[in-house]
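The values are calculated or read from the model by the stated rules, or taken from the named source; none is laboratory data. Nothing here was measured: the structure is a model prediction, and the numbers come from that model. Every residue, glycine among them, receives a Cβ derived from its backbone with ideal geometry; neighbour counts consider all protein chains shown.
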């Protein structure tokens, strides 16, 4: 199933088999995309939403000089622009950061799901509320943490999200992003992130080599980034990724 990672391991909010089958049937197309592609422009009418199967995507806004500000990063298992279903247009752009595979779901299919399956409709609503919770954490990260804290929080969150869908073992995962990408996510310069990565390595907290991230001390990294996964609404089994190796 293309949507097997959607709403996986979320506390109290899981799709039943019939709901997942209905969502799969709603997929109109599956597309393979190149890195750095803009798929949705701010203000354009929307008639479909994108589900991310593989890769990393972002939502972002440009200032008057064309400089990009990221406002969200999406990982496999996310509906990237589900909020576009009720809004019908977005106030930001949507694009790929890496090569990606997406499933396209027309809004007419959501109309039918909402009409026929009100319980599932509430679960789709929950997904948009989860996006909002992560956005609030994003604002906290950029507004209150220092450079090391921002990177530590971002990597801790990414690890938790990937662990919940089976793409991290709790300490190691393939990120597919460069340090320049991390700098953009954290509102820092590339040079600053390079220094932060070196500091995290020297403090035996985290290694970031090429596209591979290895978190040496998940709890210490989380403390340094003031990361608490409560806003991700993960199931108890996936709320603490480091638990997987402590129990093995």
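General observations
- Residues of region 110-148 satisfying the condition of being more than 17 Å from the chain's Cα centre (by Cα), assigned to a helix (DSSP H, G or I) and either crowded, with 18+ Cβ neighbours inside 10 Å or modelled with pLDDT under 95 (or both): 110, 113, 120, 123, 148
- Failed condition for residue 208, given (1) in contact with a strand residue (DSSP E or B) (Cβ under 7 Å, 6 or more places away or on another chain); (2) in a strand (DSSP E or B): (1)
- Residues that are crowded, with 21+ Cβ neighbours inside 10 Å and within 15 Å of residue 43 (Cα to Cα), drawn from region 77-94: 81, 84, 85, 94
- All conditions in (1) without any contact (Cβ under 8 Å) to a residue 60 or more places away in the chain; (2) part of a loop (DSSP other than H, G, I, E, B); (3) closer than 20 Å to residue 73 by Cα hold for residue 173, with the sole exception of (2).
- Subset tally (residues that are part of a strand (DSSP E or B) and either outside the structural domain of residue 28 (by TED's automatic domain parsing) or surrounded by fewer than 19 Cβ atoms within 10 Å (Cβ to Cβ) (or both)) for region 95-104: 2
- Answer from 74, 107, 34, 47 - the residue that is in contact (Cβ under 8 Å) with a residue 12 or more places away in the chain and crowded, with 19+ Cβ neighbours inside 10 Å: 74
- Taking the listed residues 213, 182, the one that is assigned to a helix (DSSP H, G or I) and within 29 Å of residue 132 (Cβ to Cβ) is 182, with no other qualifying.
- Test: residue in region 62-70 that is under 22 Å from residue 6 (Cα atoms) and modelled with pLDDT of 95 or more: no
- Inspection of region 189-201 finds no residue satisfying the criterion of being in contact with a strand residue (DSSP E or B) (Cβ under 6 Å, 6 or more places away or on another chain), buried (at least 16 other Cβ atoms within 10 Å of the Cβ) and closer than 30 Å to residue 12 by Cα.
- For region 160-170, the set of residues classified as assigned to a loop (DSSP other than H, G, I, E, B) and in contact with a strand residue (DSSP E or B) (Cβ under 9 Å, 6 or more places away or on another chain) consists of 167, 168, 170, listed by residue number.
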